[in-house]
Amino acid sequence: MPPTTHHTARRDRDRPDRDRRDQGRRDQGRRDQGGRRRGGVDPARLAAYDVVHAVSTRDAYANLALPAALRERGLSGRDAAFATELTHGALRRGGYDDVLSRCVNRPLPELDSEVLDVLRLGAHQLLGMRVPSHAAVATSVDLARRVAGVGPSKFVNAVLRKVAARDLAGWLAEIAPDPSLDPVGHLASVHAHPRWVVEAFRDALGGSLEETAAVLAADNEPPRVTLAAWPGRSSVEDLCTEGSARRGSWSPYAAILAEGDPHRVRAVAQGRAGVQDEGSQLVALALARAPLDGPDERWLDLCAGPGGKAALLAGLAGQRSAGLLAVERQPHRAGLVARTLVPRRDRPTRGVLGTLVADGTVSAWRPGSFDRVLVDVPCTGLGALRRRPEARWRRAASDVAGLRPLQERLLASALEAVRVGGIVAYATCSPHLAETQDVVAAVLAGRDDVERVDARPSLPGVPDLGEGPEIQLWPHRHGTDAMFLALLRRTG
Ligand SMILES: C[S@@+](CC[C@H](N)C(=O)[O-])C[C@H]1O[C@@H](n2cnc3c(N)ncnc32)[C@H](O)[C@@H]1O
């Protein structure tokens, strides 16, 4: 394939974002038969571009930037779904850069960032969505003209015509390594994940490449929005009625939203329910359900921000006259926890002992003060890649080792905080063995005052939890984030 002639892109840097948005609003309502806005680009593609560009140039988080962009452009229903799929696909498929680099005659980083992002969005429409080629190319050219100028739009036209010459399978046949020679590299290319992540999943799945392929594929599926009804404040029935949601699969507090903005559900808007993956709900539930002899009154969440598990735990604690202390080191995240747990400052909330901005590795309480402790440590988040499409390309293998000392210190601190006979739940939103089993093993090594508790009986009805005693949830098995949970009891 001959390389495309490159150009000197004229960037429209000086035009403030607001002007572009105003233009977007003026464009609304003037649509031709190809789904394009006359004289402009449709708002769904503009919203997707805004987010992809903010992620690539300003390190924005798509899960925060996208809802704002949808609101800004007034998108809902099918248009919002289209913008979401386009954004997530373009960000997930870092692999499109391999395709694009075969259609451009210079290194991609040398392209103007506006042009590269338009190409990524175009590539996803051509290779990952059912947008007809002519519409994908034409709308991308319009978008390039708008965000980068006329010259770059011609360049985009030429490159995307080359991309459109094959489908995704055709490109992968050229790009992906031979599976018999390099099975991990093959999976990494086909499912658009970095190699080190594929290796981590494979190791956590006992070496099964078949299951590794399944979890990688699940990571590329659009995630469902799951809500949690916080006990004592709302019920799943409320969510199902108000939010046209259906019951979750495993947690009695989960409801799965059919579509739309979760914040339009009254219970969520009023702070009586939250958005929370079912895997996170199961972790909190397993801790609350683990059998305990003796008092069951004082609970601790050592890493509480932004507060999803703390809210569920506090609701469960309130049902049995126990109370939760929620600790978080970062003040702004501790603020989120406080807003969720103590919505009325003038009134104590049932099930809440308090919230505290503190370093959980330095106890602000006497040893053995708590009956149940959750330590949901900071981790790579490899278990939630479905929700954070750009995260897989931002994280690096070296992050794992960097987080390890803190994870070990926090778990040791949790074991210090729990009374003899009490339970600690060590949780991560990552299946990476170095963040899960290895941390537990390292902290327990040389200690004879802690025993592992089989967590599986605390989640009756949830299949495929493994051989225990720890639990590893998986998107492809359970439809949840890949949460890990170890339950540990202080014995002396
Ligand atoms: C995985 S998140 C917890 C998520 C939370 N359990 C939830 O369900 O919403 C880990 C949290 O630990 C906090 N953290 C990090 N180091 C900490 C420390 N030394 N002490 C307390 N919190 C810490 C981070 O700021 C982050 O909010």
**Message:** Could you give the length gained by full extension between Arg130 and Asp346, i.e. 0.36 nm per residue of separation minus their alpha carbon distance, to one decimal place?
**Reply:** 72.4 nm
**Charge dipole magnitude, Cβ of K and R +1, D and E -1 - the range 226-275, Cα centre, debye nearest 20** = 100
**Prompt:** In debye to the nearest 20, how big a dipole does the range 172-283 give about its Cα centre with +1 on each Lys and Arg Cβ and -1 on each Asp and Glu Cβ?
**Reply:** 680
**Request:** Just rank Arg386, Arg456, Arg264, fewest to most, by other beta-carbon atoms within 10 angstrom.
**Result:** Arg264, Arg456, Arg386
**Asked** How big, in percent, is the set of alpha carbon pairs in the chain lying more than 37 Å apart?
**Response** 34
**Message:** To make sure I understand, if each residue's beta carbon is the centre and we count other beta carbons within 10 Å, what order do Asp464, Asp277, Asp359, Asp98 fall in, fewest to most?
**Reply:** Asp464, Asp359, Asp98, Asp277
**Message:** I want to check the label-to-label distance for Ser249 and Leu64. Put each point 7 Å from Cα in the C-beta direction and report it in nm to one decimal.
**Reply:** 3.0
**Message:** Name the residue from Val450, Val439, Pro231 whose Cα lies farthest towards the positive end of the charge dipole of the chain, charges +1 on Cβ of Lys and Arg and -1 on Cβ of Asp and Glu.
**Reply:** Pro231
**Request:** For a label point 7 Å from the Cα of Asp203 along Cα→C-beta, name the residues of the range 410-446 whose backbone N is under 15 Å from it.
**Result:** 430-442
**Prompt:** Hey, what's the Kirkwood Rh for the range 54-168 if you take every pair of different alpha carbons, in angstrom?
**Reply:** 14.4
**Item:** Estimated inter-spin distance, Ile175 and Asp454, nm [label 7 Å along Cα→Cβ]
**Value:** 4.6
**Request:** For n ≥ 4 DSSP H runs only, could you compute -39500 (n - 2.57) per run for the chain, divide by its residues and tell me the 222 nm figure to the nearest 500?
**Result:** -13500 deg cm²/dmol
**Message:** For the chain, what does the relative contact order come out to in percent, with C-alpha contacts under 8 Å and a separation of six or more?
**Reply:** 12
**Item:** Given charges at beta-carbon only (K, R positive; D, E negative), |dipole| of the chain in Debye
**Value:** 2020
**Prompt:** To the nearest 0.05, what FRET efficiency results for Arg166 and Arg366 with a Förster distance of 51 Å applied to their C-beta separation?
**Reply:** 0.15
**Message:** Please compute one quarter of the surface area of the Cα convex hull for the range 278-490 and express it in square nanometres.
**Reply:** 11.7
**Request:** Among Ser234, Ser140, rank each residue by its count of other Cβ atoms within 10 Å, from fewest to most, as a rough exposure measure.
**Result:** Ser234, Ser140
**Asked** If you take the charge dipole of the chain about its Cα centre, with +1 on Lys and Arg Cβ and -1 on Asp and Glu Cβ, which of Leu374, His332, Leu465 is farthest toward its positive end?
**Response** His332
**Prompt:** Looking at the range 205-361, what % of its DSSP beta bridges pair antiparallel, to the nearest 5?
**Reply:** 50
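Each reported figure results from applying straightforward, stated rules to the coordinates on display, with no laboratory input. Please read these numbers as outputs of a predicted model, since none were measured by experiment. Because the Cβ atoms are built from the backbone with ideal geometry, glycine has one as well, and the counts that use them run over all protein chains shown.
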